[in-house]
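Worksheet: the structure to be examined is printed underneath.
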Amino acid sequence: MNGVSRGTTWRMYKKHKFLFMMLLPALVYMFIFHYMPMYGITIAFKNFNFSKGIWGSDWIGLDNFERLFGTSSSFLRVLRNTLVISGMKLVIVFSGCIVLALLINEVKAKVFKRVVQNISYLPHFISWVIIGSILVEMLSLSRGVVNQVIEMFGGTPIYFLTEKYWFLFILVSSDMWQSIGWGSIIYLAAISGVDPALYESARMDGASRIRQMISITLPCIANVVAIMFILQIGNILSAGFDQIFNLYNFRVYEVADIIDTYAYRIGLSEGDFSLSTAVSLFKNVFGLILVIITNYVAKRLGHTGLW
């Protein structure tokens, strides 16, 4: 039986050899830039010294992780901030992408629908360096247009980027503006695959458009939502380094310092590469565990998993 299976697989490879050749550059890229550098994680278990190199540095086992969880009290604060920011983005931005896809799908005027889609996609192609600069100018205490409007109505100017709660609001809202349109694409693609006969039957039964969305559209794209949710959970410790690095300052470190900025600071600014690698390794292992758990739960609930 195994011999038959292997023979069938080989014939399939041979039949589609040109398609697999097109895949080869991507595989080479993944191997060179994603798998070969993985030997660098050994730095997390060593007292890394530039002059000795990775292999020549002294092996210290789990000492870096003991420093991380034992003596480094700031890491728990950083972990909390990461989970809070990622959780807020997961609830608001992730669900916002689904809602936007549902709303765009309900637009019947093709020209208007195309215009809305293009406008919502555009922010994705703007880097956080540019977005950060725009936000800093717009929210400036002295020359920002937002504070000028507040003063016009008799209010007191607010330095939004130094107020902890305002800063979190700006993080989530700006991330939503930048990514919600692009994130809705995959859901729109899934919705386009729903059988139109289901909607026709629902209309004949007197179902409203909202009822059709709830009873037909959402159940039909539930598997896609589950897969995207699993991937988002795997990145829960990636709260958005580019965004936060371009917006935060020392006055909001208490709520804005996340794992990625912490690893950057202790690695490049303080030169503690071993501890920085330990932080990154913890982040990736934790994400992998969450993906496995979430995938298992999704499959138990009857949805499609990653494997």
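Each value in this text was obtained by applying a stated rule to the coordinates, not by laboratory testing. Quick caveat: nothing in here was measured; it's all calculated off a predicted structure. Methodologically, a virtual Cβ is constructed for each residue, glycine included, from the backbone with ideal geometry; neighbour enumeration extends over all protein chains shown.
For K164, a cut-off of 12 angstrom between C-alpha atoms picks up these aspartates and glutamates, skipping any fewer than 8 places away in its own chain: E254, D257. Working ranking of peptides 263-273, 79-89 by packing, defined as the average number of other Cβ atoms within 10 Å per residue, highest first, is 79-89, 263-273.
For region 20-77, the list of trypsin sites (Lys or Arg not before Pro) that fall in a loop by DSSP and count at most 13 other C-beta atoms within 10 angstrom reads K52.
For every helix of n ≥ 4 consecutive DSSP H residues, a contribution of -39,500 (n - 2.57) applies; sum these over the chain, divide by its total residues, and give [θ] at 222 nm rounded to the nearest 500 deg cm²/dmol.
Roughly -19000 deg cm²/dmol at 222 nm, from the helical runs in the chain.
Ranking G193, Y13, W128 by how far each Cα lies toward the positive end of the dipole of the chain (charges on Cβ) leaves Y13 at the top. Neighbour counts of C-beta atoms inside 10 Å place C220, C97 in the sequence C220, C97, starting with the fewest. Each label was represented as a point 7 Å from its Cα along the Cα-to-Cβ direction; for L188 and S95 these points are 2.3 nm apart. A Förster distance of 51 Å, applied to the separation of the beta-carbon atoms of W10 and R80, puts the FRET efficiency at 0.45. Note on W307, W10, W166: ascending count of other Cβ atoms within 10 Å places them as W307, W10, W166, the fewest first. For D205 and V297, what is the calculated FRET efficiency with R₀ set at 41 Å and r taken between the beta-carbons, to the nearest 0.05? According to the calculation, E is roughly 0.75.
Judged by the mean number of other Cβ atoms found within 10 Å, the most tightly packed of the peptides 118-124, 280-286, 191-197 leads the ranking 280-286, 118-124, 191-197. Residues of region 121-161 with an amide N closer than 14 Å to a point placed 7 Å from the Cα of F169 along the Cα-to-Cβ direction: 139, 146-147, 150, 156-161.
Projecting the Cα atoms of I170, W182, N246 onto the charge dipole of the chain, computed from C-beta unit charges around the Cα centre, puts W182 farthest toward the positive end. A Förster radius of 25 Å, combined with the Cβ-Cβ distance separating K113 from L231, puts the computed FRET efficiency at roughly 0.40.
For every other residue with a beta carbon closer than 15 angstrom to the beta carbon of I134, add +1 if it is Lys or Arg and -1 if Asp or Glu, then tell me the sum. Once positives and negatives cancel, what remains is -2.
With neighbour counts taken as other beta-carbon atoms within 10 Å, the residues R143, R203 rank, fewest first, as R143, R203.
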